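Take a look at the structure set out below.
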Amino acid sequence: MTTELARRIAITIGALLVYRLGTQIPIPGVDLSDVSATLDLVSRLSIFALGLIPYLSAAILIRLLSVVWRGLNSLERSGEGGRRKIARATLGLTLGLAAFQAYGIASALTSIPGLVKNSDGWFVTTATVSMVGGVFVLAWLSEQITRHGIGNGLALILSAGFIVAIPQNIAGIADLVRSGAISGNLVLGHAAFWIATVVVIVLVEGARRNIPVHFAAHSVGTRQLPARDAMLPIKLNSAGFLIPVTVAPWIFYLPLALAGFILGGDHPLVAATYRHLQLGQPAHMILVSIAVFALAFVYTAYVVDPEYAAESLTRHHGAIPGIAPGEATAAHLDRVVSLTTVVGAVYVTALQLIPAVFDLYGIGLPYSMVVNGGAALVVVCTVLDIKTQVRDVSLTNPGGVRR
């Protein structure tokens, strides 16, 4: 192990330990002595109670704006200065979202008998400030891991939250098997299912559609670069998981909320629609699946952007053999990306359906809410990313030269 790799691993472990320590520090003013203070309850009422949700939500909203607002899209691709402006906008939006959520949680805690020592306005203020500060501490920790540690900081902190819930879930399931409440065969079936799911995730996330590219000889300043051949890799799942799955429910829940505001929540049509759109209902599964599938195409078009890729190839004297530069290259890339995205969209849609299918057919186990296809995808991708970075750091000399 190189000194650089050891340093990065130490920074990563230290940041994760700070995160886990913060989940055990209660919100100021909360009294857990009179309640059954399990570790799960303590983490839910800690200064990190909001986790990274406000920060991720802000990042997703900014990313959605960049999809539909060309000016923001151009700013993101304008270089380091543009990215810093977007980062500041993301933090500003995070502050607003975190303050809104923290105030709601703090206000709700005051209505629970015996939980808050002094349920006055001062508690709401201190609790709100503590939880908002916790969000920014986690965002800072994730940034330090990304810059100076190993792996993606956001993904690592999310994965740590998922992983720590697994032992508690296993212990609870084991107790239910011993008491005869659930079948051992069902547990074995779930174990086999999750092993197969992890294998599929590893295969799909590592799969690429490679498009051959030829770069002509050209000059860069005083240097003469020779002609060379390369590959333009297209991921099967370029859209990821968070944005399609997070945004999909908004497509029909926001209009439904507007209808409830106009017609009233007790209106028969609104009430019936809400009932049919609950998790596990066929209508919910169908609508969310269609929305996730469509959003995977929309977001992939933004991430890959065939027109931008074609322009970039032209600027760097590159071309796809047998395809004319410009519009023809963009059309070819668009066709390849669309066909490739079909597989990725089906894959993402299937992952998000796992909890709903289990609930619909009554074959689920009492997992916590964090154990699902999305959690498995985040953890597996985090492990793969760490593996790649460890290999790259191990094979790189201090001067940045590959061994």
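Just the number: Rg to Rh for region 1-174, Cα atoms, Kirkwood Rh, two decimals.
1.04
Using modelled backbone amide H atoms (1.01 Å from N, in-plane), which distant-in-sequence or interchain residues come within less than 5 Å of Val116's amide H?
So Val116 has HN proximity to Asp31.
Please compute the modelled spin-label separation between Glu327 and Ser179, points set 7 Å along Cα→Cβ, answer in nm with one decimal.
6.9
How long are the semi-axes of the ellipsoid equivalent to region 183-364, from square roots of 5 times the Cα gyration tensor eigenvalues, in whole Å, largest first?
Ellipsoid half-lengths, sorted descending, are 43, 23, 11 Å.
Which three lengths, in whole Å and largest first, does region 98-137 cover when its Cα atoms are put on their principal axes?
Rounded to whole Å, the extents work out to 29, 14, 13 Å.
Residue by residue through region 379-389, which ³J(HN,Hα) values in whole Hz follow from phi under the Karplus form 6.51 cos²θ - 1.76 cosθ + 1.60 (θ = phi - 60°), with glycine and proline marked x?
5, 5, 5, 5, 5, 5, 5, 4, 4, 5, 5
Sequence-distant or interchain residues sharing an amide H contact under 5 Å with His218, placed H: which?
For His218, whose amide H was placed from the backbone, the distant partners under 5 Å are Leu225.
Work from the charge dipole of the chain (Cβ charges, +1 for Lys and Arg, -1 for Asp and Glu, about the Cα centre) and give the residue of Thr382, Asn210, Gly322 farthest towards its positive end.
Going by the charge dipole, the pick is Gly322.
Once phi is turned into ³J(HN,Hα) by the Karplus curve 6.51 cos²θ - 1.76 cosθ + 1.60 with θ = phi - 60°, what whole-Hz value does each residue of region 328-337 show in order, with x for glycine and proline?
My calculation for region 328-337 gives 5, 5, 4, 5, 5, 4, 4, 5, 5, 5 Hz in order.
Only Cα pairs under 8 Å and at least 6 apart count here; give the relative contact order of the chain as a rounded whole percent.
Relative contact order of the chain: 18 percent.
Looking at the calculated P(r) for region 83-196, what percent of the C-alpha pair distances fall above 22 Å? Before the final figure, lay out each step's value.
Values: 3840 of 6441 pairs.
Tail of P(r) above 22 Å: 60 percent of Cα pairs.
Sorted by mean Cβ packing within 10 Å, highest first, what order do the peptides 57-66, 234-243 take?
My ranking of the peptides, most packed first, is 234-243, 57-66.
Give the label of the value calculated from the structure for P(r) over Cα pairs in 20 Å bins from 0, in percent, choosing from (1) 25, 48, 25, 3, 0; (2) 27, 58, 15, 0; (3) 20, 55, 22, 3.
This structure yields the entry labelled (3).
Gaussian network model of the chain, Cα springs within a sub-10 Å range: biggest mean-square fluctuation belongs to which of Leu188, Leu154, Leu56?
For the chain, modelled as a Gaussian network with Cα springs under 10 Å, the answer is Leu188.
Laboratory data are not the source of any read-out in this text; all were calculated from the coordinates shown. Keep in mind that what you see is a predicted model, and the values were worked out from it rather than measured. So basically every Cβ, Gly included, is an ideal-geometry build from the backbone, and we count neighbours across all protein chains shown.
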